[in-house]
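Since every read-out is calculated from the coordinates, none of them should be taken as a lab result. The structure displayed is predicted, hence computed values, not measured ones. With ideal geometry, Cβ positions are generated from the backbone for all residues, glycine too; neighbour counts draw on all protein chains shown.
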Amino acid sequence: MPEKILEMKNLVKTYRMGDEEQVVLKGIDLEINRGDFLSVLGPSGSGKSTLMNIIGCLDVPTSGSYYLSGERIEDLPETVLSHIRNREIGFIFQQFQLLPRLSAQKNVELPLIYAGVPEKERQLRSADILKRVGLAEKMKNRPNQLSGGQQQRVAIARALVTEPTILLADEPTGALDQQTGHQIMELFKELYQEGKTIVMITHDADVAKNGSRIVRIVDGNLSEGVYNA
Amino acid sequence: MLKESIKMALENIISNKMRSFLTMLGIIIGVGSVIALITIVSGATSTVTDQVASMGANTVTIQVQGTPLKHGLTQGDVNKIAELSNIEGIAPTISGQTTVAFDGNSMDEISLQGKNDVYFENTEDVISAGRIINPIDTENKSRVALIGNDIANELYVGENPIGQEIKIGGITYQVIGILQESDSFAQANTNKAVMIPYTTAMGVVGAKYINSLTVYVADEAQADTTTRQIEGVLTKAFNGDDDGYSIVNMQSILETIEEMTSILSMMLGGIASISLVVGGIGIMNMMLVSVTERTSEIGLRKALGAEPKQIQLQFLIESVVLCLIGGIIGFGLGVILAWVVANLIGTSFALTASTVLLAIGFSAVIGVVFGFMPARKASRLNPIDALRSI
Ligand SMILES: Nc1ncnc2c1ncn2[C@@H]1O[C@H](COP(=O)(O)OP(=O)(O)OP(=O)(O)O)[C@@H](O)[C@H]1O
Ligand SMILES: [Mg+2]
């Protein structure tokens, strides 16, 4: 029996622009089990990032329900949402979002600081995870001393280090050339093999194919399953 | 978390050296000028009050100009003052001009000062050798004299004047001591002066009036009351005419000086504080720029789980650290400036612990006050907008 870790029911997100209301997510039903590698495929403007923000607890739905690890995410105080993000979510961004002044290792340690992990343990855990993504030699390098692929590996390490419930990646290969993108996808697949739960957002059908499940989002509507190119 | 925040703040300040320094400049100048002014003024104040106090904080001095009918005070008037309460002692002075001679050599335009033992007991370092005029000298109208340094050098070349005779205004005295050499700028130069018991001046020399009095009060706190009582006696002594004398209460002068300098110090400090406020606005400006520049960093930190409170703390610490560094540099420069000025104008230089605390406290407070708004702005950024802003 697969363990359900995420459930959305009839989830709606509307943005209000002055007098106009724009419904960006139009009643989304989605379930994710532990160990899924879900690709969310959709064209630009379809609402992918909006969905990701809600999954990542950076934003809350206008209506409908969203359960993450059995906990209902709604209009909670920022402080509570920040704790949930820290514990449950590992973000991976298109533009890596590393802090340029910090070494690779320090970047990986950041979420552990906010989790209140003591310095010694932070160093051990960040070193371990950087080894895992193949950057044992580059721990002291700053982001600008790393290639794009290496930077994304650091970002993946940062997402993994807190052992979150979900790895949430928004166009993780969007800023990389095809070959490097491919390597990153290989890493994702390895993580999937290890049992990590991954949600990957992309507009690229080839990239989406790496997932174990694909959902399509078009104009705020989500449909499961069949992928037709 | 706090340690991390301080580390991050320092890293950020160092990575923006030039901008951080320029921003700090306001605080440096502000704290520097406040510290310099306060230190200079308090040094000058203590120098002045020390000088005044060395004349005796418990003294009431009376200068007698006299009236056409009565040219000065008599012994009887002095006795009446002595009968008042809170009087510890009275030192009358009779002053005049005379000539001195020894062994065929003479000097003129010598200041003759009649004093009593009370004067010597209450005044330090009057003589450099010999003994002072004692109560028995005063009582017996002894013909003893203390002579100025120039007189000792000119009349007794190669000899010790003490124990020798001296002719003052034609009368023979015995030299019992030598007055301390006074430097040429001293207001009361006694190098060409002789001091004898005032009773001798009245009884032997023939002076009729006492020209000035120093009254030593027992309780300084009651100096005002005693001064008023003395005024009563004096006015009566001059038949109701209060133009015959002037009376100065040293305690009230000291109080006035202290009051004035503390007002001065507060005023100057206040003016200098304006530059601190300007410095604080500079800090606020830099912090606001920093928040805008690091919007995506803030968004990222929030996505990674930073609480708004933690973001706020980080920026607040950054502004406090910035101010503290500026404050410490400013403090150093202010102290150096105060030291140089104190040496130039010859006042004392003292650094108090409260000045140190003031400098550090002031800069920390400015960091908090002017860092608060930018820090709160950072903590309230919406992480989605913040992440998008790359
Ligand atoms: N904060 C907002 N306020 C108003 N409208 C918004 C806001 N954020 C997104 N939208 C609108 O919602 C729609 C979906 O945006 P979203 O960013 O989710 O698209 P996307 O699928 O991520 O597109 P892309 O592939 O280009 O990133 C767009 O029409 C956008 O204009
Ligand atoms: Mg998007």
Under Karplus coefficients 6.51, -1.76 and 1.60, residue-wise ³J(HN,Hα) of the range B:99-108 in Hz, glycine/proline x: 10, 10, 8, 8, 6, x, 9, 9, 9, 10
Relative contact order computed over chain A (Cα-Cα under 8 Å; 6+ residues apart), in percent: 30 percent
Say R0 is 25 Å: what FRET efficiency, to the nearest 0.05, do A:VAL80 and B:ARG376 get from their beta-carbon distance? 0.85
Can you give me the Rg/Rh ratio for the range A:83-190, using Cα atoms for both radii and the Kirkwood formula for Rh? 0.94
Bin all alpha-carbon pair distances of the protein assembly as shown at 10 Å intervals from 0 and give each bin's fraction as a whole percent. 3, 13, 15, 13, 9, 7, 7, 7, 7, 7, 7, 4, 1, 0
Which value in nm describes the separation of the simple spin-label points at B:SER95 and B:ASP242, placed 7 Å from the Cα toward the beta carbon? 2.5 nm
Grab the beta carbon distance between A:GLU163 and A:LYS189, set R0 = 22 Å, and tell me the FRET efficiency rounded to 0.05. 0.70
Partners for A:LYS4 among aspartates and glutamates (Cα-Cα distance below 16 Å; same-chain residues under 8 apart left out): A:ASP29, A:GLU31, A:ASP36, A:GLU71, A:GLU88
Once you keep just the Cα pairs under 8 angstrom separated by 6 or more residues, what percentage relative contact order results for the range B:66-243? 33 percent
For the protein assembly as shown, share of DSSP beta bridges that run antiparallel, in % to the nearest 5: 70 percent
Sticking with the crude label model, points 7 Å out along Cα→Cβ, report the distance from B:ILE271 to B:ASN105 in nm, one decimal please. 5.5 nm
Taking the alpha carbon gyration tensor of the range B:301-369, what are the square roots of 5 times its eigenvalues, largest first, to the nearest whole Å? 38, 10, 6
Please enumerate, by chain and number, the lysines with C-alpha under 24 Å from the C-alpha of B:LYS236, excluding those fewer than 8 residues away in the same chain. B:LYS70, B:LYS80, B:LYS208
How many nm separate the modelled label positions at B:GLU88 and A:VAL12, each set 7 Å beyond the Cα in the direction of the Cβ? 9.3 nm
Lys and Arg at +1, Asp and Glu at -1: add these up for the other residues within a Cβ distance under 9 Å of A:PHE93 and post the number. -2
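Please give the calculated 222 nm ellipticity per residue for the protein assembly as shown, where each DSSP H segment of at least 4 residues contributes -39500 (n - 2.57) and the sum is spread over every residue; nearest 500 deg cm²/dmol?
Working: 19 runs with 296 residues, N = 619.
Counting only the DSSP helices, I get -16000 deg cm²/dmol.
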Taking a virtual spin label 7 Å from the Cα of B:THR123 along the C-beta vector, which residues in the range B:42-58 bring their backbone nitrogen under 19 Å of it? B:50-58
Students often get this wrong: which residues of the range A:168-205 have the backbone nitrogen under 14 Å from the point 7 angstrom along Cα-to-C-beta of A:SER69? A:168, A:197
Can you list residues whose amide H is under 5 Å from B:GLU88's amide H, if they're 5+ apart or on another chain and H is modeled 1.01 Å from N? B:TYR216, B:VAL217, B:ALA218
Taking B:LYS192 as the anchor, which lysines have their alpha carbon closer than 18 Å to its alpha carbon, excluding any fewer than eight residues away along the same chain? B:LYS115, B:LYS167
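How much FRET efficiency would the formula 1/(1 + (r/R0)^6) give for B:ILE281 and B:MET260, where r is the Cβ-Cβ distance and R0 is 30 Å, rounded to 0.05? If you can, show how the numbers build up before the last one.
Values: r = 32 Å, r/R0 = 1.08.
Result of the calculation: an efficiency of 0.40.
Gain in length, B:THR47 to B:ALA364, computed as 0.36 nm per residue apart minus the alpha-carbon separation, to one decimal in nm? Show your work: numbers first, answer last.
Values: separation 317, 0.36 × 317 = 114.12 nm, distance 3.17 nm.
Difference between extended and current length: 111.0 nm.
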Helix A:104-114 sits at what angle to the longest principal axis of chain A, using alpha carbons and giving 0 to 90 degrees rounded to 10? 60 degrees
